[in-house]
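Peer 1: Here it is: the structure, laid out below.
The values are calculated or read from the model by the stated rules, or taken from the named source; none is laboratory data. On a predicted model such as this, the values are computed, not experimentally measured, just so you know. Quick reminder, even Gly has a Cβ in these numbers, built from the backbone with ideal geometry, and neighbours come from all protein chains shown.
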Amino acid sequence: MGPFALILAGHLASLVGNSVLRFGLIVQTWTQTGRATDVVLLSLCAIVPQIAMSPTAGALVDRMHRRTALQMADAGGLVAVGALCLVYFLHGMKMELVYVAVALVGAAAAFQYPALLAAVPTLVRKDQLQRANGLFASAKNGAELGGPALGGVLVALPGLGAILLVDLASFVIALSAVRLARFTEPEQSQAQQPAKRLLAESLEGLRELWQRPSLRDLVAVDFLANLVTMLGFAVMQPMILARTGNDISALAAVNISIGIGSLAGGLLLAIWGGPRNRPRGMILGIAGLCLSSQIAMAAADSVVGWCLAILCGVLLIPMVNGAMQSVIQTKVPPALQGRVLGAVSFVSDVSLPIAMAASGPLADHIFEPQAATDSGLVHLLGPVVGEGPGAGMAALLFLAGICGLGAALWGLSRRTVRDIERLLPDLDTRHSNARNPEGNAT
């Protein structure tokens, strides 16, 4: 567990740095423009390059050492934030440069997901996979706890310059941890694979998912859930700022609650070990997430209510992600895991920019104007979401939660998803070439 703990610690440092920077940039963007669309655009700049690069990143991860892949991800982030620091201290902050830097950090992050998760099965036993995934989730979500708190202090006192330096230092720590850790098995197994064109390898992960009905349908459920829930989550932070008169402390409190809930969820998963039927646990987790952090959050009318609703909802996210990741880690051969994990990231996350691109204009041009005139869907949902600034975005969050419940119910109705543990057995060994009941090589 030594190398695993070292990678986890370095990963946590970079996640905290990124969380601090994201919080600072969200606050600056909202205070400068006051438009939800601009806040959403910032998120799009981070996620679109990451999604677009995911299949190719997965193929490259399978070609190279896990250490090299992680170093590429951290070095890319280091260069992007370093360039942003240089521009800021020499010429001041310009929003167009912020968008470019965030996009470069997102592109570098495309390598982290497949490289980290493909390395986990070589560091821990098979029965510890959900626990290890839970610890990674705790690291990610613990950053959401420390990041906003530290970001709020730095925004109020030294300002954005200090935030940039903190993020820069976090990438240095992550690079050092990766350099010290030892990776062996993935490189040995990949060295035995014939070389192919990068484009062909990039498509192999998508082809592998498509040819296995159980994996294909499981990822489809994740895609739909991400699509509809992100439609609401994308406007959650501007909703809070609008309903509190731009109270940064209220936004920080909600973000800290996200960190507490997610951190607790990851630790509980690490202790518990996860549901025995992982796909059903994943889908039930999606349903609970929608009920609490979307429907109940939209109906809440105070900072305390928002914090409790979001905390209960995100408590389930590590279970959802841990179950999904462990299915891939136990049912896909190690030599293909980088490509398949990259494909999973692409399919699951491609819904996010679609939802983000739609949510900003929907909030600014339809739902918030309806709230101002007390008309349309916002009027019908008024007894639930209230009235005034931010009520339109609350209505959008509520409707997204209802649609998310529908996606979860659809997943439960699919036999290929419900019975995936029987239809697609786990690999007997890390390098098994046995065939599975779905008729595809495992």
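Peer 1: Does Met72 fit the bill of being within 20 Å of Ser19 (Cβ to Cβ), modelled with pLDDT under 80, of a type in the set (A, V, I, L, M, F, W, C) and in contact with a Leu (Cβ under 9 Å, 6 or more places away or on another chain)?
Peer 2: Values: within 20 Å of Ser19 (Cβ to Cβ): no; modelled with pLDDT under 80: yes; of a type in the set (A, V, I, L, M, F, W, C): yes; in contact with a Leu (Cβ under 9 Å, 6 or more places away or on another chain): yes.
When the stated conditions are applied, Met72 does not pass them.
Peer 1: Within the range 236-328, considering only helices (runs of 4 or more DSSP H) that don't extend past its boundaries, which have at least 3 residues that are within 30 Å of Thr122 (Cα to Cα) and not acidic (Asp, Glu)? Explain how you work it out, then say what you get.
Peer 2: Values: elements: 236-243, 248-272, 278-290, 303-314.
Passing ranges, in order: 248-272, 278-290.
Peer 1: Another question, then. For the range 19-41, what are the residues that are buried (at least 22 other Cβ atoms within 10 Å of the Cβ) and not β-branched (Val, Ile, Thr)?
Peer 2: Once the filter is applied, which keeps residues that are buried (at least 22 other Cβ atoms within 10 Å of the Cβ) and not β-branched (Val, Ile, Thr), the range 19-41 yields Ser19, Leu21, Arg22, Phe23, Gly24, Leu25, Ala36.
Peer 1: Inspect the range 58-71 for any residue being without any contact (Cβ under 8 Å) to a residue 24 or more places away in the chain, part of a helix (DSSP H, G or I) and farther than 20 Å from Ser262 by Cβ and give the result as yes or no.
Peer 2: Yes, there is a match, as at least one residue in the range 58-71 is without any contact (Cβ under 8 Å) to a residue 24 or more places away in the chain, part of a helix (DSSP H, G or I) and farther than 20 Å from Ser262 by Cβ.
Peer 1: Would you be able to tell me the number of residues in the range 337-351 that are buried (at least 24 other Cβ atoms within 10 Å of the Cβ) and either in contact with a strand residue (DSSP E or B) (Cβ under 9 Å, 6 or more places away or on another chain) or of a type in the set (A, V, I, L, M, F, W, C) (or both)?
Peer 2: 5
Peer 1: Please work out if Arg243 is within 30 Å of Pro425 (Cβ to Cβ) and either without any contact (Cβ under 8 Å) to a residue 40 or more places away in the chain or of a type in the set (Lys, Arg) (or both). Let's see the steps before the verdict.
Peer 2: Values: within 30 Å of Pro425 (Cβ to Cβ): no; either without any contact (Cβ under 8 Å) to a residue 40 or more places away in the chain or of a type in the set (Lys, Arg) (or both): yes.
For Arg243, the condition - within 30 Å of Pro425 (Cβ to Cβ) and either without any contact (Cβ under 8 Å) to a residue 40 or more places away in the chain or of a type in the set (Lys, Arg) (or both) - is not met.
Peer 1: Exactly one condition in (1) more than 16 Å from the chain's Cα centre (by Cα); (2) farther than 30 Å from Gln128 by Cβ is false for Ala5; which is it?
Peer 2: For Ala5, the failing item is (2).
Peer 1: Let me ask another. Can you name the residue in the range 377-410 that is over 18 Å from Ala296 (Cβ atoms) and without any contact (Cβ under 8 Å) to a residue 12 or more places away in the chain and is also surrounded by the most Cβ atoms within 10 Å (Cβ to Cβ) among such residues?
Peer 2: Filtering first and then ranking leaves His379.
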